[in-house]
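Heads up, the thing below is written out as structure tokens.
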Amino acid sequence: MKKIIIDTDGGHDDILALYLSILSKKLDILGVTCVAGNSKLQNVERNCQYALTQLNCYDTPIFSGADKPLSKKLTTAVVHGQSGLEGAELSQVKLLNLQKASAVDFIIDTVNQYPHEVTILTLGPLTNIALALNKDPQLASKVNEIVIMGGAINVPGNQNRVAEYNFYVDPDAASIVLGSKVDKVLIPLDPCNEVIISESEFFRLPNTLFVKSIIDMIKPFIRNIKSHLDVNGALVYDAIAAYYLICSNQFKLSPMDILIETDGVLTRGMCVIEKRNEIDKIPNILVAVDVNVNSFKNDFFRMLAHY
Ligand code: RIB
Ligand code: CA
């Protein structure tokens, strides 16, 4: 099975990505590292524990990471609510999987323990990954691949006119990671915006306690998306990024030369793509430009239904 580390900011779609990654039975999740983003770090840790507890995964370690971006002030996401996982029953969560080691040290130690074998799936701001690359300059040459949910290529941003949330929150970290020598795959808003899951589609799932917990959290998520993004259904960005690790053949990739705007007043977090014909492009990332929506939905619901 593919060895992976999941770096996450613990929102609704992050939790769905964790469920998919575990239920696919194709991924060896070595650890879950938490980063502040959708909500403050303590909420992210708790939300990740909630997800692992739902699936009785007490062997998967959780690590605490950066509580704010490299240089910017933390901007939490409104669509996930105050807790970062609005609608989920979080009051009884006990942090049984949380480890003492830091997320950055876990990433460095694990990649060095399994050189060229570990894939890092990033579902939030890239702060932890940038810190790890800075702390161990050899790390980039030993990571198998980084699969990144982030960016907007030919669609508007979801945090400002041009920037996707994860890259907006910590553009400096995004710039460092995209500038690194690691093999990278980007899952941007473009394919993710094509996958909108309605409440009624979730209601087709079998009436299990697990499904009820999903519906309890998805209802406010859909309500918040409607009011803030005017979209009628759940946008499950991170679950699509996780799906790339499960079924990469359902995606169409294109190499691109991308830099990240780190300080623009209007364009902070923007993916600035080299499109000039007269300039030699130096592709630094493979970008998912399309996903098979039906295949994703079929597999997504099949896996959630069989727990
Ligand atoms: O822009 C979507 C991304 O920002 C997703 O990872 C979502 O969870 C939020 O973190
Ligand atoms: Ca996320």
Could you calculate the contour length gain from LYS3 to SER198, that is, 0.36 nm times the residue separation minus the distance between their Cα atoms, to one decimal place in nm? 67.0 nm
Pairs LYS72/LYS135; LYS275/LYS297; LYS252/LYS281: which are spaced more than 22 Å apart, C-alpha to C-alpha? LYS275/LYS297
Sorting VAL32, VAL118, SER213 by the position of each Cα along the dipole of the chain (Lys, Arg +1; Asp, Glu -1; all at Cβ), the one nearest the positive end of that ordering is SER213
Modelling each spin label as a point 7 Å along the Cα-to-Cβ direction, I'd like the LEU259/ASP183 distance in nm, to one decimal. 2.7
Could you order the peptides 201-210, 22-31 from most to least packed, using the average number of other C-beta atoms within 10 Å per residue? 22-31, 201-210
Once phi is turned into θ = phi - 60°, what whole-Hz ³J(HN,Hα) does the Karplus curve with 6.51, -1.76 and 1.60 give for every residue of the stretch 58-64, x standing for Gly and Pro? 8, 9, 8, x, 10, 10, 8
Quick check: the distance between the Cα centres of the stretch 128-150 and the stretch 1-16, to the nearest angstrom? 16
Can you tell me the order of 176-189, 48-61, 273-286 when each peptide is scored by its average per-residue count of other Cβ atoms within 10 angstrom, highest first? 176-189, 48-61, 273-286
Separation between the VAL78 and TYR58 pseudo-spin-labels, each 7 Å from Cα along Cα→Cβ, expressed in nm? 4.1
How high is the FRET efficiency from ASN134 to LYS252, r the C-beta distance, R0 30 Å, rounded to 0.05? 0.35
Find out how many positive minus negative residues lie around ALA239, taking Lys and Arg as positive, Asp and Glu as negative, among other residues whose Cβ is under 9 Å from that of ALA239. -3
In terms of the alpha carbon gyration tensor, root eigenvalues a ≥ b ≥ c, rounded if a/c is under 1.5 and otherwise prolate when a/b exceeds b/c or oblate, the chain is rounded
May I ask for the distance between the Cα centers of the stretch 154-197 and the stretch 42-56, given as a whole number of Å? 25
Using a cut-off of 19 Å between alpha-carbon atoms, which lysines can reach LYS142, once sequence neighbours fewer than 8 places away in the same chain are excluded? LYS2, LYS3, LYS181, LYS184
Extension length gain for ASP280 and SER71 (0.36 nm per residue less Cα distance), in nm, is 72.1 nm
Charged-residue dipole, Cβ positions (Lys, Arg, Asp, Glu), the stretch 260-307 about Cα centre, Debye nearest 20: 240
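Each reported figure results from applying straightforward, stated rules to the coordinates on display, with no laboratory input. Just so it is clear, the structure is predicted and the values come from calculations on it, not from any experiment. Every residue, glycine as well, gets a Cβ built from its backbone with ideal geometry; the counts of neighbours run over all protein chains shown.
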